[in-house]
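Just below is one structure, and these are the notes that go with it.
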Amino acid sequence: MIKPGVYRGREANQIIRAMQKAIVEDFEGEVSKYSWSELHYSLLDYHSTLLHDININWKRYGSYSGLDEAKDKEVRDRIIEQREKAKHDDRNTLYLIETNLYLHCESGTLANRDDINLLLAYANWLVVLSDVADICYFADNEAYIEITNEYVVDTLADE
């Protein structure tokens, strides 16, 4: 059982991996409820939309001129923020696509938009936990986690 507290380095990594194991089992159960092919088509559609967004924002980055310095910074920051969000969302989508293909479950149940959003939230949780586990493993003295009584994992860094 995972206890609330502060954990560093490899110990933090091990705790996060234990959490991931439990979450993955539940996540796979949720993914298995739906028709793998229909879910796959929906996810590929979303993946292509995200790739288009990333590409458009990349092209927009240097395509304007004549703005004052403050407005230029505001536009650049917004473009970067939109691009990075799409990149993060795409990682979650790819994780869900890979899981769905791995499980390859036959089901007559079609996932609606709310179902897919729930699965993407699960995928996000697992992707973020994986990133945090890696940070703690490789940054022994710089980053650590704090687990609350509600099993919320906060990533913290020494200043």
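Miscellaneous remarks
- Any pair with Cβ under 6 angstrom, 6 or more apart, that starts in the stretch 95-107 at a residue that is aromatic (Phe, Trp, Tyr) and modelled with pLDDT of 95 or more and ends at one that is surrounded by 15 or more Cβ atoms within 10 Å (Cβ to Cβ) and not in a loop (DSSP other than H, G, I, E, B): 95/123; 95/127
- Selection from the stretch 58-79 of residues that are among the aliphatic types (A, V, I, L, M), assigned to a helix (DSSP H, G or I) and farther than 25 Å from residue 90 by Cβ: 70
- Filtered residues of the stretch 20-35 (kept if crowded, with 18+ Cβ neighbours inside 10 Å and assigned to a helix (DSSP H, G or I)): 27, 31
- Any hit, the stretch 37-57, residues being within 23 Å of residue 135 (Cα to Cα), among the small types (Gly, Ala, Ser) and part of a helix (DSSP H, G or I): no
- Test: residue 82 is surrounded by 13 or more Cβ atoms within 10 Å (Cβ to Cβ), more than 17 Å from the chain's Cα centre (by Cα) and at pLDDT below 95: no
- Sole exception among (1) loosely packed, with under 14 Cβ neighbours inside 10 Å; (2) hydrophobic (A, V, I, L, M, F, W, C); (3) closer than 30 Å to residue 145 by Cβ for residue 103, by number: (1)
- Note on the stretch 110-135: among residues that are surrounded by 13 or more Cβ atoms within 10 Å (Cβ to Cβ) and among the polar types (S, T, N, Q), the one that is farthest from residue 53 (Cα to Cα) is 130.
- Note on the stretch 108-138: among residues that are touching a residue at least 12 places away in the same chain (Cβ under 8 Å) and not in a helix (DSSP H, G or I), the one that is farthest from residue 2 (Cα to Cα) is 108.
- Pairs, first acidic (Asp, Glu) in the stretch 31-58, second in a helix (DSSP H, G or I) and buried (at least 17 other Cβ atoms within 10 Å of the Cβ), C-beta under 9 Å, six or more apart: 53/83; 53/86; 53/89; 53/90
- Residue match in the stretch 38-45 (condition: at pLDDT 95 or above, more than 21 Å from the chain's Cα centre (by Cα) and closer than 26 Å to residue 120 by Cα): yes
The values are calculated or read from the model by the stated rules, or taken from the named source; none is laboratory data. Since we're looking at a predicted model, the values are computed, not measured. No Cβ is skipped: glycine too gets one built from the backbone with ideal geometry, and neighbour counts run over all protein chains shown.
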